[in-house]
Amino acid sequence: MSEVQVRSGWVGWALFAAVLLLIAAILDVFYGIVALFGPSTGYFVSSSGIQTFSLTAWGWWSIVLGLLMLIAGLSLMRGALWARIFAVFVAALHAIGQLIAFPAQPWWSIAMVTIDLLIIYAVTVHGRELRRD
């Protein structure tokens, strides 16, 4: 006797999270490459004065994080438990990185943190649905 597996409509959320991870990974790798080949120091003005930071270090951070997000997005489509845990970890790391960049680019950081939170929500609440496919 075979069991009928009923998939809910929420499986789309988990696939959406995987696609968002892949898109964010491509963007991060691209931004990392641009940062490596551009000027080596970035500047922005805050209430406490002019702040500087190393674009080379930020570029490598973006490339490494982008590659981790690429691995997480591809593995998340398989629905394994380790992939869901890894995806949440990588999305949280990405959100922290965006909060660090908040003074330099607030609107972009808000948008990316929102996407990271959507990824974490989709994977933690609806990630189990991927396993049933």
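Quick check on the chain: helices-only [θ] at 222 nm, where DSSP H runs of length 4 and up contribute -39,500 (n - 2.57) each and the sum goes over total residues. Nearest 500, please.
Numbers: 5 runs with 94 residues, N = 133.
Taking each H run of at least 4 residues, the total per residue is -24000 deg cm²/dmol.
Sorting V19, V123, V113 on the 10 Å Cβ count, fewest up front, what's the list?
Details: V19 13, V123 25, V113 18.
Sorted ascending by nearby Cβ count, the order is V19, V113, V123.
For the range 93-133 and the range 46-91, what is the centre-to-centre distance using only Cα atoms, to the nearest Å?
The two parts, judged by their Cα centres, are 10 Å apart.
Could you pull the Rg and Dmax for the chain, using just the Cα atoms, both in Å?
Cα only, the chain: 17.4, 72 Å (Rg, Dmax).
Dipole magnitude of the chain about its Cα centre, charges +1 at Lys/Arg Cβ and -1 at Asp/Glu Cβ only, in debye to the nearest 20? Walk me through the intermediate numbers first.
On the way: 6 positive and 5 negative charges, 49 e Å.
Dipole size: approximately 240 debye.
Determine the relative contact order of the chain: mean sequence separation of Cα pairs under 8 Å and six or more apart, normalised by residue count, in whole percent. The partial results should precede the final answer.
On the way: 177 pairs, mean separation 45.8, N = 133.
Dividing the mean separation by the residue count of the chain yields 34 percent.
FYI, it's all coordinate maths here, none of it is from the lab. Computed from a predicted structure; not experimentally measured. Every residue, glycine as well, gets a Cβ built from its backbone with ideal geometry; the counts of neighbours run over all protein chains shown.
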